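The values are calculated or read from the model by the stated rules, or taken from the named source; none is laboratory data. Remember, it's a predicted structure, so these values are computed and weren't measured experimentally. Backbone-built Cβ (ideal geometry, glycine too); neighbour counts: all protein chains shown. Remember, those area values only see protein heavy atoms, side chains included, never the ligands or the DNA or RNA. Shrake-Rupley method; radii C 1.70, N 1.55, O 1.52, S 1.80 Å.
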Amino acid sequence: MKALEGIKVLDFTHVQSGPTCTQLLGWFGADVIKVERPGVGDATRNQLVDVPGADSLYFTMLNHNKRSIELNPKNEKGKAVLTRLVEECDVLVENFAPGALDRMGFSWERIQEINPRIIMASIKGFGPGKYQDCKVYENVAQCAGGSASTTGFRDGPPLVTGAQVGDSGTGLHLCLGIVTALFQREKTGRGQKVTTAMQDSVLNLARVKLRDQQRLEKGPLTEYSQFGEGIPFGDATPRAGNDSGGGQPGRILKCKGWEQDPNAYTYFIIQAAIWDKVCDVIGEQDWKTKEGYANPPERLDKLNEIFTRIENWTMTKTKFEVMDICNPHDIPVGPILSMKEISEDESLFATGTLVKVDHPVRGDYISVGCPIKFSDSSVEVKRSPLLGEHTLEILSDVLGFNGEELKNIIASGAVGNVN
Ligand SMILES: CC(C)(COP(=O)(O)OP(=O)(O)OC[C@H]1O[C@@H](n2cnc3c(N)ncnc32)[C@H](O)[C@@H]1OP(=O)(O)O)[C@@H](O)C(=O)NCCC(=O)NCCS
């Protein structure tokens with residue numbers, strides 16, 4: 001049995017944030033019915049196309065384990081079909097621009113009227129307030145949620161991250177909200193509305209930077225490199241480069257081959273508990289007892305000197321040798337892995353974190369599988385649906401339309417070209 005078996009999800013999501021959420025629900029075993037605009041579908045089907053004529057990797061990698069129905073709820077018959085879907089489903093997930101669902105005639109009040117047990121889950125860029133009507137994409141959320149102002153180097157501009165904390169991060173938050181609401185519904189029998197704003201999700205993930213904002217009011221942030229460099233702090237949490245976000249100082253350091261390989265680097269943390277071992281590994285035994293080096297707080301104004309010395313050592317080793325040497329001593333280090341190295345890592349395929357998926361139009365591709373592992377609910381990654389691939393089976397098997405009624409729906413144009 002799969003954890004969410006029997007749960008039907010009306011997936012009215014597009015682009016990245018919403019689809020990440022419904023893909024998780026699909027992996028957990030829910031029947032996810034993706035509603036797409038007839039003849040067009042989710043815009044990402046045709047974005048960043050690498051195989052002409054095939055759905056893009058952008059789409060396929062975010063829409064596994066779903067069925068697709070083409071449906072235009074702005075058409076009268078389409079409205080009737082969507083109403084039936086709302087009646088049938090346990091969860092409706094959407095991430096349209098603010099007001100779009102209301103304009104279709106499906107406000108939260110109307111949805112509750114149709115199905116009081118339904119959980120309606122929405123992603124918007126901002127919560128209620130002055131920006132509530134704005135359309136928002138990933139990087140806007142990273143900027144508005146405090147991530148960009150605290151990412152990058154002090155002497156450079158704010159930076160966005162490669163990890164999609166705005167879109168996928170919000171999808172994860174929403175997914176947790178949905179399963180929590182399903183759990184509550186077990187007891188109350190009632191559905192509810194669950195909303196997640198992208199700004200809020202990014203801020204939640206950047207909470208250590210708000211921590212630092214408040215610490216800054218009490219004095220300098222001593223674990224930031226700029227403290228040791230004697231550069232005064234301003235009134236807001238600064239960009240910390242590659243300094244560790246926690247209480248244990250850390251840096252990204254060059255490894256052997258860095259001149260040619262842009263990823264020949266390691267992250268290196270000088271956790272207080274293993275300081276003596278770090279000194280042994282790099283050959284600075286004196287630092288174990290030397291004044292100004294022996295105690296963690298005394299080292300904070302010498303981080304540049306200390307990490308330069310460690311880097312002199314890491315530059316003589318590959319990033320994997322650093323890992324092999326340091327791990328037995330419990331020294332926390334991590335090689336900077338390229339996406340090429342990750343995509344060739346057999347151990348990630350063995351755990352299902354990476355999967356090879358077959359697709360009828362594009363052929364084999366690699367995707368990220370479910371990152372959450374269950375001991376009693378297996379996850380099988382199924383390819384994304386073609387546009388409208390399941391229109392007919394959803395209309396007949398899920399919604400019970402048949403005969404003349406079905407013919408009329410198809411003839412109305414509400415569900416695209418059904419073969
Ligand atoms: C992502 C976003 C910026 C995209 O904006 P967009 O491409 O202009 O898309 P919208 O959500 O505004 O929807 C466009 C229209 O398509 C219509 N539409 C959507 N599905 C439809 C369907 N199946 N049939 C007919 N029309 C449909 C909507 O009703 C809307 O029409 P309206 O504006 O006339 O009412 C916007 O949806 C948004 O801000 N979403 C919330 C935040 C979010 O999730 N952002 C991250 C995306 S990764």
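Side notes on the structure shown:
- Within segment 352-362, the residues that satisfy the criterion of being over 17 Å from the mean Cα position of the chain (by Cα) and either open to solvent by less than 20 Å² (accessible area, probe 1.4 Å) or among the hydroxyl-bearing types (Ser, Thr, Tyr) (or both) are VAL357, HIS359.
- Count of residues meeting criterion [open to solvent by less than 20 Å² (accessible area, probe 1.4 Å) and assigned to a helix (DSSP H, G or I)] in segment 151-176: 6
- Close Cβ contacts (under 8 Å, 6 or more residues apart or on different chains) running from residues in segment 12-23 that are over 14 Å from GLY177 (Cβ atoms) and of a type in the set (S, T, N, Q) to residues that are within 7 Å of the ligand (Cβ to nearest atom) and part of a helix (DSSP H, G or I) comprise GLN16/GLU138; GLN16/ASP167.
- You will find that of VAL15, VAL93, the residue that is open to solvent by less than 20 Å² (accessible area, probe 1.4 Å) and not charged (D, E, K, R) is VAL93 and no other.
- Breaking point among (1) farther than 25 Å from THR196 by Cβ; (2) within 13 Å of the ligand (Cβ to nearest atom); (3) in a helix (DSSP H, G or I); (4) open to solvent by 50 Å² or more (accessible area, probe 1.4 Å), for GLY78: (4)
- Cβ-Cβ under 6 Å pairs, at least 6 apart or on other chains, segment 132-150 side modelled with pLDDT of 95 or more, far side in a helix (DSSP H, G or I) and open to solvent by 70 Å² or more (accessible area, probe 1.4 Å): GLY145/LEU203; GLY146/LEU203
- Taken over segment 159-173, the residue count meeting the criterion of being within 8 Å of the chain's Cα centre (by Cα) and either modelled with pLDDT under 95 or of a type in the set (Val, Ile, Thr) (or both) is 2.
- Across segment 34-58, the qualifying residues are those that are in contact (Cβ under 8 Å) with a residue 60 or more places away in the chain and closer than 17 Å to VAL93 by Cα, and the one among them that is nearest to the chain's Cα centre (by Cα) is LYS34.
- Pairs are defined by a Cβ separation below 6 Å, a sequence spacing of at least 6 or placement on different chains, a first member in segment 359-388 that is in a loop (DSSP other than H, G, I, E, B), and a second member that is open to solvent by 60 Å² or more (accessible area, probe 1.4 Å); the pairs so defined are HIS359/ARG383; ASP364/LYS356; ASP364/ASP358.
- Members of segment 401-416 found to be touching a residue at least 40 places away in the same chain (Cβ under 8 Å) and open to solvent by 40 Å² or more (accessible area, probe 1.4 Å), listed by number: ASN408, SER412, GLY413
- Note on segment 100-127: among residues that are near the ligand (Cβ under 7 Å from one of its atoms) and of a type outside the set (A, V, I, L, M), the one that is surrounded by the fewest Cβ atoms within 10 Å (Cβ to Cβ) is ARG103.
- Restricting attention to segment 306-338, the residues that are among the acidic types (Asp, Glu) and closer than 13 Å to LEU253 by Cα add up to 1.
- Single unsatisfied condition, GLY146 versus (1) in a loop (DSSP other than H, G, I, E, B); (2) within 11 Å of the ligand (Cβ to nearest atom): (2)
- One residue stands out in segment 81-99 among those that are touching a helix residue (DSSP H, G or I) at 6+ places or on another chain (Cβ under 8 Å) and near the ligand (Cβ under 9 Å from one of its atoms): the one that is farthest from VAL35 (Cα to Cα), namely ASN95.
- Positions within segment 183-235 being within 30 Å of ASP90 (Cβ to Cβ) and either part of a loop (DSSP other than H, G, I, E, B) or among the hydroxyl-bearing types (Ser, Thr, Tyr) (or both), in sequence order: THR188, GLY189, ARG190, GLY191, GLN192, THR195, THR196, SER201
- Evaluation of VAL136 against the conditions (1) in a loop (DSSP other than H, G, I, E, B); (2) open to solvent by less than 70 Å² (accessible area, probe 1.4 Å); (3) under 30 Å from ILE336 (Cα atoms) shows that the sole unmet condition is (3).
- Whichever residue in segment 59-75 is more than 24 Å from the chain's Cα centre (by Cα) and not hydrophobic (A, V, I, L, M, F, W, C) and, among such residues, is surrounded by the most Cβ atoms within 10 Å (Cβ to Cβ): GLU70
- Test: residue in segment 331-351 that is surrounded by fewer than 12 Cβ atoms within 10 Å (Cβ to Cβ) and over 30 Å from ASN63 (Cβ atoms): no
- Number of the condition not met by PRO249 [criteria: (1) touching a residue at least 60 places away in the same chain (Cβ under 8 Å); (2) in contact with a Leu (Cβ under 6 Å, 6 or more places away or on another chain)]: (1)
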